[in-house]
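Everything below concerns the one structure shown next.
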Amino acid sequence: MRKIAVITPVSHLGGIVELLSTKGQVFYLERGTKDQVKDLLSSTPIDTIVCNPNQQTYKIDKELLENTQVNTINSCSTGLNHIDLDYCRENNIEIQCHKNDYKLINQLPSTSELAFGLMLSLLRNIPECNNHVSRYNWDYTQFMGRQVKDLKVGIIGYGRLGKIMEGYCKAFGAETFIYDPYVTITKDIIRGKAYIPQTSLELMFKECDVISLHVHVTDETKYMISKDLLGLVQKDLYIINTSRGEIVNELDMVDALNNGKLTGYGTDVIENEFDDLTKSPIIKAMNEGQNIIITPHIGGMTIEGQTKAYKWSINKL
């Protein structure tokens, strides 16, 4: 019988605890620290870890896994930057995730919905308006926003989530620009296909009012948004990031906000999510009054989406 350590919150999702009980003996540390998880793995012959990066404040690495019996890590996610993949590969630890589970993930638009929500929140100053009224004020003149219909929105990464985000923007009437060197973008017409040209990153940063990031972390995409591209900005620009914190150079982002090259940043992720949050330059800049909205990696965190995803994930066991 499997011995399963669940190190991420699942009890709030209907049917998940019951499903897990059919897969083996389950040990719950839904909000455990790294030391607590390490103690569990050292004292109990756990062979399977069930996890998710959104709540995790540490990395599953050699320090956690060495001298344990773990042979499977089941992550209810597409991204895997919360796991030391090299160590797992070297030690024959199987990684299960949703990266290629297209039948499932095509049913999960939650992250794109959040990206669109972050965009609207920045463009219409929604958090600031709420704080203004909470102090019993009622003056709209300091909160003049932008109208999506008249904006140019750039989408970096034209996979599942990027396509969904583009659809939302088009539904609001925005003009969209696409950058993804690994896809060919086509539009159906009555006879055959019409190929839609992509935009260069350089042109996107010169022309767009909003840029939304929808890419995985790779050696190619890490810090792809830095001072070189930000230096090209010629008008108000808002950047939305629901991918990973490492996609942007956070220090360059703060500099761009300070010098006016960047108007606002809405993000669901920061680079050091598994470290001391007080060291985050993005959180520090937000607390110092910069136009930044940060959510705590809630992109996929909807009741509907997570229930579907965890059922799929657990059934892999």
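So, for the chain, what is the accessible surface per residue at a probe of 1.4 Å, expressed in square angstrom?
Here the residues of the chain average 51 Å² of exposed surface.
Under 5 Å between amide hydrogens, which residues at least 5 positions from Ile211 or on another chain qualify, with H placed 1.01 Å from N in the peptide plane?
Correct list: Gly154, Tyr238, Ile239, Ile240.
Which three extents, in whole angstrom, do the alpha-carbon atoms of segment 114-235 cover along their principal axes, largest first?
Here the spans come out as 57, 38, 25 Å, largest first.
Report ³J(HN,Hα) in whole Hz for each residue of segment 149-166, in order, from the Karplus equation J = 6.51 cos²θ - 1.76 cosθ + 1.60 where θ = phi - 60°; Gly and Pro get x.
4, 9, 10, 9, 10, x, 10, 9, x, 10, x, 4, 6, x, 5, 5, 4, 4
For a label point 7 angstrom out from the Cα of Phe172 toward its Cβ, which stretches of segment 225-241 have the backbone nitrogen within less than 20 Å?
Counting only backbone N, you get 235-241.
Across 10 Å bins from the origin, how do the percents of Cα pairs in segment 1-50 run, short distances first?
Here the calculated profile for segment 1-50 is 27, 55, 17, 0.
Report the Cα centroid-to-centroid distance between segment 269-310 and segment 16-81 in angstrom, as an integer.
One Cα centre to the other: 22 Å.
Out of the total accessible area of the chain (probe 1.4 Å, heavy atoms of protein only), what percent is carbon and sulfur?
That share works out to 49 percent.
Given a Förster distance of 25 Å, report the FRET efficiency between Thr307 and Glu30 from their Cβ-Cβ distance, rounded to the nearest 0.05.
Step by step, r from the Cβ atoms, then E = 0.95.
Relative contact order for segment 204-317 using alpha-carbon pairs under 8 Å, separation at least 6, rounded to a whole percent?
RCO, segment 204-317: 22 percent.
At a threshold of 8 angstrom on Cα-Cα distance, excluding pairs fewer than six apart, so keeping six or more, what relative contact order does segment 218-284 reach in percent?
Normalised by residue count, the contact order of segment 218-284 is 36 percent.
What residues have an amide H closer than 5 Å to that of Asn74, excluding those fewer than 5 places away on the same chain, when H is modeled at 1.01 Å from N in the peptide plane?
Ile49, Val50, Cys51, Gln96
Along each principal axis of its Cα atoms, how long is segment 186-317 end to end? Whole angstroms, biggest number first, please.
Between the extreme Cα coordinates on each principal axis of segment 186-317 lie 46, 44, 27 Å.
Kindly state, as a whole number, the per residue volume in cubic angstrom of the convex hull around the alpha carbon atoms of segment 82-125.
92 Å³
Run the dipole for the chain about the Cα centre, Lys and Arg Cβ at +1, Asp and Glu Cβ at -1, nothing else charged, and hand back the magnitude in debye, nearest 20.
Here the size comes out at about 1020 debye.
Could you give the semi-axes, largest first, of the ellipsoid that matches segment 19-154, computed as the square roots of 5 times the alpha carbon gyration tensor eigenvalues and rounded to whole Å?
42, 19, 14
Residue-wise, which Karplus ³J(HN,Hα) couplings in Hz belong to segment 281-288, taking 6.51 cos²θ - 1.76 cosθ + 1.60, θ = phi - 60°, and x for glycine or proline?
For segment 281-288, the Karplus-derived couplings read x, 6, 5, 4, 5, 4, 5, 8 Hz, x marking Gly and Pro.
What is the chain's relative contact order, in percent, from Cα pairs under 8 angstrom and six or more apart in sequence?
Normalised by residue count, the contact order of the chain is 16 percent.
Kirkwood-based Rg over Rh for the chain (C-alpha set), two decimals?
1.00
Taking the Cα atoms only, what angle lies between the long axis of helix 110-123 and the longest principal axis of the chain, rounded to 10 degrees?
Helix 110-123 sits roughly 40 degrees off the main axis of the chain.
Please work out the ratio of the alpha-carbon Rg of segment 191-269 to 2.2 N^0.38 Å and round it to two decimals.
1.17
Residue by residue through segment 37-42, which ³J(HN,Hα) values in whole Hz follow from phi under the Karplus form 6.51 cos²θ - 1.76 cosθ + 1.60 (θ = phi - 60°), with glycine and proline marked x?
Running phi through 6.51 cos²θ - 1.76 cosθ + 1.60 with θ = phi - 60° gives 5, 4, 4, 5, 5, 7 Hz.
Determine, for segment 156-240, the count of lysine pairs separated by eight or more sequence positions (or lying on different chains) whose alpha-carbon distance falls under 16 Å.
Close lysine pairs under the 16 Å cut-off: 5.
The values are calculated or read from the model by the stated rules, or taken from the named source; none is laboratory data. What you see is a predicted model, and the numbers here were worked out from it, not measured in a lab. Positions of Cβ are backbone-derived with ideal geometry, glycine not excepted, and every protein chain shown enters the neighbour counts. Heads up: the accessible areas ignore ligands, DNA and RNA and are worked out on the full protein's heavy atoms, side chains in. Shrake-Rupley method; radii C 1.70, N 1.55, O 1.52, S 1.80 Å.
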